[in-house]
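Some notes on the structure that comes next.
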Amino acid sequence: MKTKITFLIALFVGISFGFAQQDEECMTKLSIFHEYVKAKNYDAAFEPWSAVRNKCPKFNNAIYVDGEKILNHKIDNSTGAEKIGFINDLLKLYEQRAEYFPSKTPKGKYGAIACQLMYDYKKELNKTTEELYEGFDTAYNADKKTFTNPKSLYTYFSLMVQLYDAGKKPAKDLFNKYDDVVEKVEDEIKNYSEKLNKLVAKEEAGTPLSSKDGKYKRFYESYLKAYDQISSGVDEKLGTRANCDNLIPLYTKDFEAHKSDAVWLKRAVSRMYHKECTDSDLYEQLVKAYDETAPSADTKYFVATVLFKNHKENEAIGYFQESYDLETDTFKKAKLANNIGLILKKKGRYGQARTYFRNALRLNPSNGRPHLSIAAMYAASANNCGDTTFNKRAVYWLAADEANKAARVDPTQKKNAAKSVANYKAKAPSKADIFSAANSGQVIKIGCWIGGQVTVPKI
């Protein structure tokens, strides 16, 4: 033990070189509490950690990294006034970390951590909804770049909803905050998707992932799952509060003041579109103003939706293509292609929709949703794309294969994909059907817009 401590002292001397406080007692106790923390013996670590924190607060960032673990343990294993004391001490620890190690304490990240702690123990700390929201809002506006924790983003928006429901925030603030959070979540999804895509491409090329790459892949997938859940949760929180009856009067009242404000117009148009308020004359007015103010891939997409509304489908498809061609950001282009594909799918233009879905997959291969959409179109076309009952049902094998691809590349869609695969396989020919048709292992060509082929399973 003595040899180990001596080694650690030497290590921390190296790490701490250049610090004003070179205290031998602090070095010794720091190495001791650090070893205890590594062994998860937090109670034993508490005394030497407290001594170093009080005597040498600038000595090493391990005081704050390990201290967070120690105090969380104390919080989890205490009650009453003692528990409240440890909660407040952890909040103080975050403040000290920001004071002594500001470069290692991003304001958005640690502001969100502190606010989440206060939210989780709001009853013990007697915190009001207003106080909690202001705390999150301050952290978010101070450093949006590092305010990325999925749980905290959800809590932040939930507090806004509570204030709106209590009549303490207007609808305008609620919708603006919704857009803030959704845009932030989309930025993070883009960030992790782009990182994951590189690893997916490596696997698809047949290159085994290293142990390090495998860990990163699981890390990226876990965050994408979290953001997918938060995205759904935020939409559920907003719910009917953003219905057409609320949106139309609000945007009508504010239109004149914002008719040249591209950001306001973008948000208004997007909200009206996603809440299916497109039959309103206001929607067309907003789209026109948006396209005149800041013509872009985004505006051409919305112009196309207006043309569809006015039954000018061929003209609309031209605007969709223009929108797709104008977009230069790879992630946004993939999302745009998927959205266009969904509209064309809904209109029954399956061949055109598949082209856009495949473009989306090429640009963002870790998003499995386009695979599921293609599979659904195959299944919907089964009766139209075969010349015999057997061959029609064989289309479901093709649909199942496509849905399987979604499960392989997208961690957020594994459950949905598994359900789809099971559904399609249940509708495909059975072993008895294959035996009766005597075509085990044969290749069946599938006609109409699908234009593919499928191999009958061998029995």
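Every residue, every condition in (1) touching a residue at least 24 places away in the same chain (Cβ under 8 Å); (2) assigned to a helix (DSSP H, G or I); (3) surrounded by fewer than 21 Cβ atoms within 10 Å (Cβ to Cβ), yes or no:
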| site | (1), (2), (3) |
| --- | --- |
| 366 | yes, no, no |
| 378 | yes, yes, no |
| 392 | no, yes, yes |
| 402 | yes, yes, no |
| 416 | yes, yes, yes |
| 419 | no, yes, yes |
Confirm whether residue 223 is free of Cβ contacts under 8 Å to residues at least 40 places away in the same chain and assigned to a helix (DSSP H, G or I). no
List, please: which pairs have Cβ atoms under 9 Å, are six or more places apart or on different chains, and start with a residue in region 69-85 that is over 22 Å from residue 33 (Cα atoms) and end with one that is of a type in the set (A, V, I, L, M) and crowded, with 16+ Cβ neighbours inside 10 Å? 84/125
Looking only at residues that are part of a helix (DSSP H, G or I) and at pLDDT below 95 in region 308-322, which one is farthest from residue 352 (Cα to Cα)? 309
Does any residue of region 219-235 turn out to be farther than 26 Å from residue 156 by Cβ and surrounded by fewer than 16 Cβ atoms within 10 Å (Cβ to Cβ)? no
Please go through region 380-390 and give me each residue that is under 34 Å from the mean Cα position of the chain (by Cα) and surrounded by fewer than 19 Cβ atoms within 10 Å (Cβ to Cβ), ordered by number. 380
Mind telling me which of the residues 361, 372, 398 ends up being in contact with a Pro (Cβ under 6 Å, 6 or more places away or on another chain) and without any contact (Cβ under 8 Å) to a residue 60 or more places away in the chain? 361
Looking only at region 323-335, filter to residues that are charged (D, E, K, R) and assigned to a loop (DSSP other than H, G, I, E, B); which one of those is farthest from the chain's Cα centre (by Cα)? 327
Scan region 444-459 and report the pairs whose first residue is of a type in the set (Ser, Thr, Tyr) and whose second residue is assigned to a strand (DSSP E or B), with Cβ atoms within less than 8 Å and a gap of 6+ or a chain change. 455/443; 455/444
Enumeration of residues in region 132-152 that are of a type in the set (Asp, Glu) and closer than 17 Å to residue 182 by Cβ: 137
Please count how many residues of region 236-251 are hydroxyl-bearing (Ser, Thr, Tyr) and loosely packed, with under 14 Cβ neighbours inside 10 Å. 1
What pairs come out if I take residues in region 184-206 that are closer than 13 Å to residue 409 by Cβ and pair them with residues that are surrounded by 17 or more Cβ atoms within 10 Å (Cβ to Cβ) and aliphatic (A, V, I, L, M) whose C-beta lies under 7 Å away, six or more apart or interchain? 193/224; 196/224; 200/409
Tally of residues being under 29 Å from the mean Cα position of the chain (by Cα), not aromatic (Phe, Trp, Tyr) and not in a loop (DSSP other than H, G, I, E, B) across region 276-305: 10
In region 260-282, what residues are more than 20 Å from residue 174 (Cα to Cα) and surrounded by 14 or more Cβ atoms within 10 Å (Cβ to Cβ)? 278, 280, 282
So is residue 443 surrounded by 13 or more Cβ atoms within 10 Å (Cβ to Cβ) and either of a type outside the set (Phe, Trp, Tyr) or farther than 25 Å from residue 349 by Cβ (or both) or not? no
Residue check, residue 148 against (1) outside any helix (DSSP H, G or I); (2) out of contact with any Asp or Glu (no Cβ under 9 Å at 6 or more places or on another chain), all met but one. Which one? (2)
Kindly establish whether residue 373 is assigned to a helix (DSSP H, G or I), closer than 19 Å to residue 416 by Cβ, modelled with pLDDT of 95 or more and of a type in the set (S, T, N, Q). yes
Sort through 266, 237, 300 and tell me the only one that's farther than 19 Å from residue 335 by Cβ and either modelled with pLDDT of 95 or more or in contact with a helix residue (DSSP H, G or I) (Cβ under 7 Å, 6 or more places away or on another chain) (or both). 237
Find all pairs meeting these conditions: Cβ atoms under 9 angstrom apart; at least six residues apart or on different chains; first residue within region 116-143 and within 18 Å of residue 79 (Cβ to Cβ) and touching a residue at least 12 places away in the same chain (Cβ under 8 Å); second residue assigned to a helix (DSSP H, G or I) and of a type in the set (D, E, K, R). 121/83; 124/83
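The values are calculated or read from the model by the stated rules, or taken from the named source; none is laboratory data. Predicted model only: the values in this text are computed from it and were never measured. Reconstructed Cβ throughout: ideal geometry from the backbone, glycine too, with neighbour counts over all protein chains shown.
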